[in-house]
Protein chains: 2
Amino acid sequence: MSRPTIAGVARAAGVSVASVSRVLNGLPATEEMAERVRRAVDELGYVPDSRARSLKVGRTFQLTLAVADVGNPVYVTMMRAVEEVVSAAGYRLVVTTTGPEIVDEVALVRGMARGYADGLVISPLRVDDDLIKSIQECDVPVVVAGNVPAKAGVDTVRANSPKGMALAVEHLVSRGRRRIAFLNGPADTVPGEARAKGFADALRTHKLRAVAQVEAVDFTFAAGREGGRELLGGARDHRPAFDAVIAANDLLAVGLMHELVAADLAVPDDVALVGMDDSELAEQCFPTLTSVNLGSAERGRRAAELLLARIEDGERSPRRIVVHPSLSVRRST
Amino acid sequence: MSRPTIAGVARAAGVSVASVSRVLNGLPATEEMAERVRRAVDELGYVPDSRARSLKVGRTFQLTLAVADVGNPVYVTMMRAVEEVVSAAGYRLVVTTTGPEIVDEVALVRGMARGYADGLVISPLRVDDDLIKSIQECDVPVVVAGNVPAKAGVDTVRANSPKGMALAVEHLVSRGRRRIAFLNGPADTVPGEARAKGFADALRTHKLRAVAQVEAVDFTFAAGREGGRELLGGARDHRPAFDAVIAANDLLAVGLMHELVAADLAVPDDVALVGMDDSELAEQCFPTLTSVNLGSAERGRRAAELLLARIEDGERSPRRIVVHPSLSVRRST
DNA sequence: GGTCGCTCTGTAAACGATTACAAGAACGAT
DNA sequence: ATCGTTCTTGTAATCGTTTACAGAGCGACC
């Protein structure tokens, strides 16, 4: 009643286990042998046990993508891109979600060690020495979609947020906006920090001063609403001090948009709004959201390629890829 | 250089492999023994090989959730619920995406066979005999989040879409709408079929006639826009024949909403709009979307519980759970 | 005809863990 | 002191594959 093993197939076909294995793996065999094995396999409904197989050959043919929040549409984009590359290479992709705490990521990388998958793409919100150490010690290749110090010597693919910020500011300035506010995510995260710096730099090149800056507790929609309320807080009854806002990602932007509408401010007439990530949400919301495309799809693709290349050759020197941003202009500006 | 095995730890600690295994699995041992093993483990950074372990014990402690489209926010809700239950039970959840073709699902279930995971929750868009057969033959428990004939004898958790449709229609009627259109997804899918039937029934109980009905090619945002254009097609220059639309899911609803706005129709004043799934998107879009809550979170939770129960006891008779819908009223009606 | 070489198949040893079983140590009771 | 009981530890079998190695069969060539 229980699952047939290769031994059962061998018995049914009247051949040895080695022959069964060979036929199944496409190694040379006589046509008659192949036929007998195939028949027995069909008859018993035999499916090889992938655990035993990968224990022996040392590979699982699975790759893992670890993201912090499946609810964030930017990860959907990335996931699709990664999926495409890895499945073309004959791997199966499994996605796991780490949650917002960095300890989860460290635990994931540690536990990842040989057995669950042949490689890992991880997109951590926060990076600390523990995480880097666990990546370096991990005996299956890891590529980080995010920013990690060069001296860590790990493969990375990251976005150029400062450049992205520059695009956003430039665009708003060209639309005649000068009083630009910023709704960031948590500043103790890698993207949060990068975007804060990028924003400051971009303002400087345009000789502008920040009129308002708020740090949301999270990169989520709810945090965007809350941050929006805070941003508008001082301006309950009069026009706000800003005529444009840049949000650190699309979810925050959309949350903010709701608060703007609730405060009777028209987008883009009263306040222009730029998001970041250019996720599916940017075209789903209303008005459609101008958003900085940080290349999530390309980052996913490149990360997957990097991972495959390193699985192929573990000795190659670590690559650090930066993908360049572009701006998707929509109705919110 | 390579990963230490249990034998290495045993050697380093000067004990036998059996003792190492026992300490690691919390079986009784003297304090001194435990201490030596722990030290050696720390020193070598030993992590057990999960393949070998699960080959021996016959369990992987992984469960799989298979969904058709990661971009659909309803799956995000479901995924979160499943994750919560299975991780509380000590399993790790992996998510794989099947794509819109049913062959992918059959292949997934077939290949799932013992080795990748201890169980599977699958939410198939289409169900045919092949799929049912593969589920029955699968030697790891499978629970279907969706509708499957009772005689198939598989555990299922499904939504009550007819009831959900009734709620939607009732609500619209109570808002004074009588000319209700329907934007369905593909009618050859399980949810598409159920919703079409539910819609027809609900209209009948209210003695209404369908004024327009369109079938989108997909359950996606893009298909929603396209379907929306089709729905409005006949009404290019004059008021449309309907004063309300029910969409078969939130993505379709939001796509449609964009077309309504593009056609200068106000939501809800000119056209009221009801979505289904009550996903995160329903509160993210603008105006916020009234949506039928088909209990995705609860379905996910129940499905996960069913799966765990069946893993526990493979002989229990198959359960068929139906979760009841409710309506989340928002600004679009 | 004998030997070489080639191809095909089977036997058995891994892979790295768990665990049944046996052996040894410690200890108390008689 | 001996025996039995209990507790701890080690040896070795096992899970289901792959694959190195060796043996068998057979044709070809000298």
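Considering segment B:35-51, the residues that are part of a helix (DSSP H, G or I), within 20 Å of A:Val109 (Cβ to Cβ) and not acidic (Asp, Glu) include one that is farthest from DNA strand D (Cβ to nearest atom), namely B:Leu44.
Within segment A:58-83, the residues that satisfy the criterion of being at the interface with chain B (Cβ under 9 Å from one of its Cβ atoms), over 29 Å from B:Asp49 (Cα atoms) and β-branched (Val, Ile, Thr) are A:Val76, A:Thr77. Residues considered: A:Arg110, A:Arg126. Of these, the only one that is open to solvent by 50 Å² or more (accessible area, probe 1.4 Å) and either within 16 Å of DNA strand D (Cβ to nearest atom) or over 17 Å from B:Leu93 (Cα atoms) (or both) is A:Arg126. Restricted to segment B:23-55, and to residues there that are charged (D, E, K, R) and crowded, with 16+ Cβ neighbours inside 10 Å, the residue that is farthest from A:Gln136 (Cα to Cα) is B:Arg36. None of B:Ala253, B:Ala272, B:Ala303, B:Ala247 is in contact with a Leu (Cβ under 8 Å, 6 or more places away or on another chain), more than 25 Å from A:Glu259 (Cβ to Cβ), small (Gly, Ala, Ser) and modelled with pLDDT of 95 or more except B:Ala247. Does A:Val94 count as assigned by TED's automatic domain parsing to the domain that holds A:Asp128, touching a helix residue (DSSP H, G or I) at 6+ places or on another chain (Cβ under 9 Å) and either under 30 Å from A:Gln284 (Cβ atoms) or outside any helix (DSSP H, G or I) (or both)? So A:Val94 fails the test.
Taken together, the residues in segment B:52-82 that are outside any helix (DSSP H, G or I), at negative phi and of a type outside the set (S, T, N, Q) amount to 9.
Against the test of being of a type outside the set (Ser, Thr, Tyr), within 13 Å of DNA strand C (Cβ to nearest atom) and buried (at least 21 other Cβ atoms within 10 Å of the Cβ), the options A:Val20, A:Val70 yield a single qualifying residue, A:Val20. Return the residue satisfying two criteria in turn: it lies in segment B:1-17 and is open to solvent by 70 Å² or more (accessible area, probe 1.4 Å) and part of a loop (DSSP other than H, G, I, E, B), and of such residues it is farthest from DNA strand D (Cβ to nearest atom). Going through the qualifying residues, I end up with B:Met1. Summed over segment A:260-275, the residues that are in contact with a strand residue (DSSP E or B) (Cβ under 9 Å, 6 or more places away or on another chain) and more than 17 Å from A:Ser174 (Cβ to Cβ) give a count of 3.
The listed residues are A:Pro149, A:Pro141, and the only one of them that is away from chain B (no Cβ under 14 Å), open to solvent by 20 Å² or more (accessible area, probe 1.4 Å) and at pLDDT 90 or above turns out to be A:Pro149. Residue count for segment B:205-217 satisfying the condition of being in a loop (DSSP other than H, G, I, E, B) and either within 14 Å of chain A (Cβ to nearest Cβ) or among the hydrophobic types (A, V, I, L, M, F, W, C) (or both): 5. For segment A:84-104, taking the residues that are in contact (Cβ under 8 Å) with a residue 60 or more places away in the chain and surrounded by fewer than 19 Cβ atoms within 10 Å (Cβ to Cβ), the one that is farthest from the other protein chains (Cβ to nearest Cβ) is identified as A:Ala89. Selection within segment A:56-67: residues that are open to solvent by less than 70 Å² (accessible area, probe 1.4 Å) and within 16 Å of DNA strand C (Cβ to nearest atom). The member of this set that is farthest from A:Ala253 (Cα to Cα) is A:Gly58. Taking (1) more than 8 Å from DNA strand D (Cβ to nearest atom); (2) over 17 Å from A:Arg110 (Cβ atoms) in turn, B:Ala29 satisfies each apart from (1).
The values are calculated or read from the model by the stated rules, or taken from the named source; none is laboratory data. Please read these numbers as outputs of a predicted model, since none were measured by experiment. Don't worry about glycine lacking a Cβ; one is built from the backbone with ideal geometry, like all the others, and counts go over all protein chains shown. Quick note on the areas: whole protein, heavy atoms, side chains included, nothing else; ligands and nucleic acids left out. Shrake-Rupley method; radii C 1.70, N 1.55, O 1.52, S 1.80 Å.
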